[in-house]
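Engineer: What follows is a single structure, and I will ask about it in a moment.
Throughout, read-outs are computed from the coordinates displayed, never taken from laboratory work. This structure is a prediction, so every number in the text was calculated from the model and none was measured. Here Cβ is always computed from backbone atoms with ideal geometry, including for glycine, and neighbour counts include all displayed protein chains.
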Amino acid sequence: MVITDSTAAKYTLADPDVRLMLQVRDDNATAFEELMLRYQNRLVSLLAHMVGRPDMAEDLAQDVFLRVYRARKDYVPGAKFSTWLYTIAGNVASNALRSLARRREVNLASQSNDTGAHSLENAATAASALMPTRQADNAELREAVQHAIEALNERQRMAVLLAKFEHLSYAEIAEIMDMSPEAIKSLLSRARGKLREVIEPYLERGVRIREATTDQATPANRRSEPS
């Protein structure tokens, strides 16, 4: 994308993080540390939700910052700094999800039928432990929300997290995800519908989210689910 001088000047004046990144481009280590301090926790939270693996989130965030630093000499302000950063974060999360999917395929192929049956038995036992009338405590609710987010496809998940946790506009999310604002609005609408579909059985009847998503993930449902 060609970035005009006027566009670069506009974002440089409006966004203090852009000004910091320009200092990073000039090899200012203090400016880079400041950007890391500003975005570290937000990135870790976003990536933890994106990949569904909080234990990986800090390493992925470091990967994002490493990519930012490596790209510093080519940086030209063409958007808010956060838009550029979250675009990189989305790419890192996508790579991590593909890697996790490959690992799961290998693990599933190597598991015996007995191991699979034992896992299903454990899941059923865990699901039955929650009585329908039991009120969800905070930990259970956080778990429910996390599993509901994991039930979204990758694009839906990214859009929801940017809207909900980063409070970005349709236009900003569209720029990060290389889609139109109208497409983002439609994507978020479908994602919110899916979240309600997954969470409501848990809140109303105490059904574990993992059980609910397994019941819904029949081959027919997977084929017909929109992006």
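Engineer: Ranked by Cβ crowding within 10 angstrom, fewest neighbours first, how are THR83, THR4 ordered?
Structural biologist: THR4, THR83
Engineer: Once you sort the root eigenvalues of the Cα gyration tensor of region 1-110 as a ≥ b ≥ c, which label holds: rounded (a/c under 1.5), prolate (a/b larger than b/c) or oblate (the other case)?
Structural biologist: Prolate.
Engineer: Expressed in nm to one decimal, what extension gain is obtained for the pair THR4 and SER99 from 0.36 nm per residue of sequence separation less their Cα-Cα distance?
Structural biologist: Between THR4 and SER99, full extension yields 30.5 nm more.
Engineer: Taking a cut-off of 16 Å between Cα atoms, list the lysines near LYS80, but don't count ones fewer than 8 places away on the same chain.
Structural biologist: LYS10
Engineer: In straight Cα distance, which lysines are under 16 Å from LYS185, not counting same-chain residues fewer than 8 positions off?
Structural biologist: Straight-distance partners of LYS185: LYS164, LYS194.
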